[in-house]
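Throughout, read-outs are computed from the coordinates displayed, never taken from laboratory work. Just so it is clear, the structure is predicted and the values come from calculations on it, not from any experiment. So basically every Cβ, Gly included, is an ideal-geometry build from the backbone, and we count neighbours across all protein chains shown.
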Amino acid sequence: MTSSEPKTPYYITTAITYPNGVPHIGHAYEYIATDAMARFKRLDGYDVMFLTGTDEHGMKIAQTAAKEGITPKELVDRNTAAYKSAHQVLEISYDRFIRTTDADHYEASQAVWKKMEEAGDIYLGKYEGWYSVRDEAYYAEDETELREDGKRYSIQTDTELTWTEEESYFFRLSQYQDKLLKLYEEQPTFGAPRSRFNEVISFVKSGLEDLSISRTTFDWGVPVPGNDKHVMYVWVDALTNYLTGVGYPDTEAESFKKYWPADVHVIGKDISRFHAVYWPAFLMSAGLELPKRVMIHGFLNNNGVKMSKSLGNVVAPTDWVAQYGLDQVRFFLLREVPFGADGSYSHDAVVGRMNADLANNLGNLAQRSLSMVAKNCEGKVPQPGTLAPEDHELLARAERLLEKSRAAYEVQDFHGSLEAIWTVLGDTNAYFAEQAPWVLRKTDVERMNTVLYVTLEVLRIVSILVQPVMPTSAGKLLDVLGQHDDGARDFAAIGTALVPGTSLPAPTPIFPKYEEPAAG
Ligand code: ME8
């Protein structure tokens, strides 16, 4: 792509987190994956807009604040600061951090509401059900039980329920069943991975009821236009963040025209229904284009056990970064688990990846080859002789990694891209051992130069391609390979080659082995 051509826009989002607690490794997983995707597209020449943020309204926030004896605004100000600082520690390269309490977001949410109302999809009705005052939540009949005292209780929270009828606005979701099924048929990759998307499709096929979209029992939310007694159901306002982030309701704004519809919403499996059912229905109703893809990732568990405060096994991402290093954590999370699947983490699994994949296969190869260049080639990229078939073969395999990674990232298969890269690193380690340049040093200097050149070339391509996952370490590797941030690190540079004679800085080890701290 030449610089005169406009870049292709690419709009990617994370879910916006509820700031009623502090960030854990599951949130970090989603941020890091989305960040890797955004960085990949930037390096591949796209004009990327990356949105993340916090979902600050709703009953949960209001309740947590009440428990702590502070206002909801005080609570979200405090906790959102913790999320922002986690983003900083994790080097999340977002373009905007949206808070749903931002003024422009109120405007966007009310505009979407009005559009849905104009379309005839919103009506005032009555919400009836078993209501827990303590939980401020309704429960379905099968979530309740009648006990010996003649009263009904929530099975989940053990709270007493009363039959309640509340005025509520409804969205005519029932009218969207056929339209949604048509969407899923016409765009089979609207939701991914397929197994998770199939669950959504079955849910829609089983029939849709109209959705209650306002509340009157608390006021921490976006007021419903024209009726201040109601605030919007938090999901209506939360989903709208994706529009606010690019300038809605100003549909003529440059950012809106450029970036909407979003290329991909990255979310976890617990919120697929909101994103793949309610959200497209709201957008169809408001006459707006639909996102191209909803990528549903799995959940991370601690040693196979669900993270929970009561078990005390919740990992703070900042603790992990302090213990293992940021790029090590980023690499582990994206390499270990295929993105759509559930995954487990443990100390041993992280250390295994750090020592085998990073310290040995990549770090050690770089250190050994660059030290030889420093000692035997005056610290300059050596001049290769005629390439042997095995040299051509290895270089071709490394060059093919760009296409393989593009195909993998297109479907958020970070694991697949890294696996392919590490396979080539394995081949390169075997090549290095077989060619034994330290022996050639005495027998055939030209061949030694060729072997070192080919090895550095593979390292250059690999370093360029792992930048989205490990920005700092890949940058250091590119530094010691003499590749500066002047275009030489972009994917377009993969088709170029190291220039023999280029002076290289003294090599420094980049991926240390993890050593267990001494006991006691
Ligand atoms: O759902 N492993 O916010 P949230 C992996 N505000 N991902 C996890 C996880 C785990 N153990 N736990 C949570 C909300 N997540 C709404 C979103 S979007 C318009 C509104 C993921 O703070 C979860 O699936 O509960 C979601 O994608 C994100 O973290 C935020 O979760």
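Be a star and scan region 467-488 for residues whose amide nitrogen sits under 12 Å from the point 7 Å along the Cα-to-Cβ vector of VAL499.
483-484, 488
From Cα pairs below 8 angstrom and at least 6 apart in sequence, can you work out the relative contact order of region 335-491, rounded to a whole percent?
Taking the mean separation of contacting Cα pairs over the length of region 335-491, I get 28 percent.
So which trypsin sites (Lys or Arg not before Pro) in region 1-93 are both in a DSSP loop and have at most 15 other Cβ atoms within 10 Å of their Cβ?
Values: sites: LYS7, ARG39, LYS41, ARG42, LYS60, LYS67, LYS73, ARG78, LYS84; in loops: LYS7.
Those that pass, being in a loop and sparsely packed, are LYS7.
Taking 7 Å along the Cα-to-C-beta vector as the label spot, tell me the ALA433-ARG273 distance in nanometres, rounded to one decimal.
5.2
For the residue pair GLN323 and PHE218, what label-to-label distance in nm results when each label sits 7 Å from Cα along the Cα-to-beta-carbon direction?
Result: 3.3 nm between the two label points.
Summing +1 for each Lys or Arg and -1 for each Asp or Glu, what net charge is found among the other residues whose Cβ lies under 9 Å from the Cβ of GLY125? List each step's numbers first, then the result.
Values: positive: LYS126; negative: GLU167, ASP210.
Combined, the nearby Lys, Arg, Asp and Glu give -1.
Report the net charge of residues surrounding LEU243, where surrounding means a beta-carbon distance below 12 angstrom and charges are Lys +1, Arg +1, Asp -1, Glu -1. Working shown, then result.
Numbers: positive: LYS115; negative: ASP104, GLU107, ASP237, ASP250, GLU289.
Once all neighbours under 12 Å are counted, the net charge is -4.
If one computes the Cα centroid of region 445-508 and of region 204-247, what distance in Å separates the two points?
Using only Cα atoms to place each centre, the spacing works out to 51 Å.
Contact order normalised by length for region 181-250, with contacts defined as Cα pairs under 8 Å and 6 or more residues apart; what percent is it? Write out the running numbers ahead of the final one.
Numbers: 41 pairs, mean separation 13.4, N = 70.
Relative contact order of region 181-250: 19 percent.
If packing is taken as the average count of other Cβ atoms within 10 Å, what order do 484-492, 312-320 fall into, highest mean first? Before the final figure, lay out each step's value.
Numbers: 484-492: 14.2, 312-320: 15.9.
Highest mean packing first, the order is 312-320, 484-492.
How far apart, in nanometres, would the label points at THR472 and VAL314 be if each is projected 7 angstrom from Cα along the Cα-to-Cβ direction?
2.5
What FRET efficiency, computed as 1/(1 + (r/R0)^6) with R0 = 35 Å and r the Cβ-Cβ distance, is obtained for ALA506 and ALA356, rounded to the nearest 0.05? Working shown, then result.
Details: r = 26 Å, r/R0 = 0.75.
E between ALA506 and ALA356, to the nearest 0.05, is 0.85.
Which helices, counted as full DSSP H runs in the chain, have an axial Cα extent of no less than 24 Å and a Kyte-Doolittle average of 1.0 or above? Show your work: numbers first, answer last.
Working: long enough: 25-43 (26 Å, -0.11); 72-89 (26 Å, -0.91); 389-410 (32 Å, -1.04); 414-435 (31 Å, 0.06); 445-466 (31 Å, 1.29).
Within the chain the helices that satisfy the rule are 445-466.
What does the helix-only formula give at 222 nm for the chain: each DSSP H stretch with n ≥ 4 adding -39500 (n - 2.57), the total divided by the residues, and the result rounded to the nearest 500 deg cm²/dmol?
Details: 18 runs with 229 residues, N = 520.
Calculated mean residue ellipticity at 222 nm is -14000 deg cm²/dmol.
Need the full-extension length gain, GLU399 to GLU185, defined as separation in residues times 0.36 nm minus the C-alpha distance. One decimal, nm. Mind dumping the intermediate values first?
Working: separation 214, 0.36 × 214 = 77.04 nm, distance 3.63 nm.
The span from GLU399 to GLU185 would gain 73.4 nm if fully extended.
Counting only C-alpha contacts under 8 Å and six or more residues apart, can you give the relative contact order of the chain as a whole percent? Working shown, then result.
Values: 803 pairs, mean separation 80.3, N = 520.
Dividing the mean separation by the residue count of the chain yields 15 percent.
Which of the peptides 387-394, 303-310, 420-427, 29-36 is most tightly packed, and how do the rest follow, going by the mean number of other Cβ atoms within 10 Å of each residue?
29-36, 420-427, 387-394, 303-310
Report the FRET efficiency, 1/(1 + (r/R0)^6), for GLU390 and ALA488, where r is their Cβ-Cβ distance and R0 is 30 Å, rounded to 0.05. Numbers along the way, then the final one.
Working: r = 26 Å, r/R0 = 0.88.
After rounding to 0.05, the efficiency reads 0.70.
Which loop GluC sites (Glu not before Pro) in region 142-250, with loop taken from DSSP, have no more than 11 other Cβ atoms within 10 angstrom of their Cβ?
Listed in order of number, the matching sites are GLU148, GLU209.
In a shell of Cβ-Cβ distance under 9 Å around LEU43, excluding LEU43 itself, what net charge do Lys and Arg (+1) and Asp and Glu (-1) give? Don't skip to the answer; put the middle values down first.
Numbers: positive: ARG39, LYS41, ARG42, ARG489; negative: ASP44, ASP490.
Surrounding charge for LEU43 is +2.
Tell me which trypsin sites (Lys or Arg not before Pro) from region 122-217 have a DSSP coil assignment and no more than 15 other beta carbons within 10 Å of their own.
Passing sites in region 122-217 are ARG134, ARG147, LYS151.
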